[in-house]
Amino acid sequence: MIAIPEPTDLCRLAEKHDTDKGTSYTQTYHRWLGHLREQRLRMLEIGLYNGGSLRMWRDYLPQAVLHGIDIEPRTLSYQDEVPNSQVRLVDQGDPAALEAFVAELGGHYDFVLDDGGHTMLQQIVSFEVLWPQIMPGGVYAIEDFGTSYFVEYGGQDLRHPDTAADYVKDLVDAVQRDQALMPPQGVRSAVSPIALAKMRRDVASVHVHPGLALIVKKF
């Protein structure tokens, strides 16, 4: 029988602050961040909804610098309500807007959480622009990852190259880049030089859960 994990502090805070984060998400985040709670992390959350998640993170990570982006003007008030936080109006599907945001506030994030619009364009563009801003050992999380299978969000059939799910599958290949690049003596790589050249070199690991993908940066 598989043991069901006990609710963590983060699970309780998610409920306290009326977030839309389910227990499966918060238990996963606790496993990655629980030992870092007193460190001065830099965190970015995409998609702020009612502000509950930002409040949750402030309670859970009291020393962290919190940044948030959204397209709803009402979310600007959250930075006055949540200490040591900054909120900006940014369209996550606009590369130039994301780059301007990074230029203003500095990037260099330990944890980025994409809980924004969940379309393929938004998820892929945000990762492309923000992944270089992830610090070594940092984590990039994509919530509601299952929208890759929903037509209304730009989802497609399996292995379609324009989905976030397929994009992340390519990152799994990137984790194994050294294996493809340097096979054992007497064994030939099946991966073409062109494909090898396209592989990212800075992905340490990829973790996929129901509705959630986490990509970890190499040290």
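Throughout, read-outs are computed from the coordinates displayed, never taken from laboratory work. Predicted model only: the values in this text are computed from it and were never measured. No Cβ is skipped: glycine too gets one built from the backbone with ideal geometry, and neighbour counts run over all protein chains shown.
Computed quantities for the displayed model
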| item | result |
| --- | --- |
| The chain: most fluctuating residue of 21, 169, 198 per GNM, C-alpha cutoff 10 Å | 198 |
| Gaussian network model of the chain, Cα within-10 Å springs - most flexible of 135, 120, 182 | 182 |
| Amide H contacts under 5 Å for residue 86, placed H, 5+ residues apart | 66, 67, 68 |
| Student exercise, the range 9-217 dipole from Lys, Arg, Asp, Glu Cβ charges, in Debye to nearest 20 | 860 debye |
| Candidate lysines - alpha carbon under 28 Å from residue 198, same-chain residues fewer than 8 apart omitted | 169, 217, 218 |
| Among 86, 43, 122 the positive-end extreme of the charge dipole of the range 1-137 (Cβ point charges) | 43 |
| Cross-link reach list, aspartates and glutamates versus residue 16, counting only Cα pairs under 13 Å and skipping chain neighbours closer than eight places | 59 |
| C-alpha center-to-center spacing [the range 1-71, the range 144-198] in angstrom | 29 Å |
| Computed lengthening from residue 207 to residue 185, 0.36 nm per intervening residue step minus Cα-Cα distance | 4.9 nm |
| Cut-off under 5 Å, modelled amide H: who pairs with residue 205 long-range | 216 |
| Kyte-Doolittle mean at least 0.0, axial Cα span of 30 Å or more - DSSP H helices of the chain | none |
| Rounded FRET efficiency, nearest 0.05, which uses the C-beta distance separating residue 40 from residue 149 and R0 of 41 Å | 0.60 |
| Candidates 103, 64, 190: whichever shows maximal mean-square fluctuation once the chain is modelled as a Gaussian network with Cα springs under 10 Å | 190 |
| From phi via Karplus (6.51, -1.76, 1.60), per-residue ³J(HN,Hα) for the range 141-154 in Hz, x at Gly/Pro | 10, 10, 8, 6, 4, x, 5, 4, 9, 10, 4, 5, 9, x |
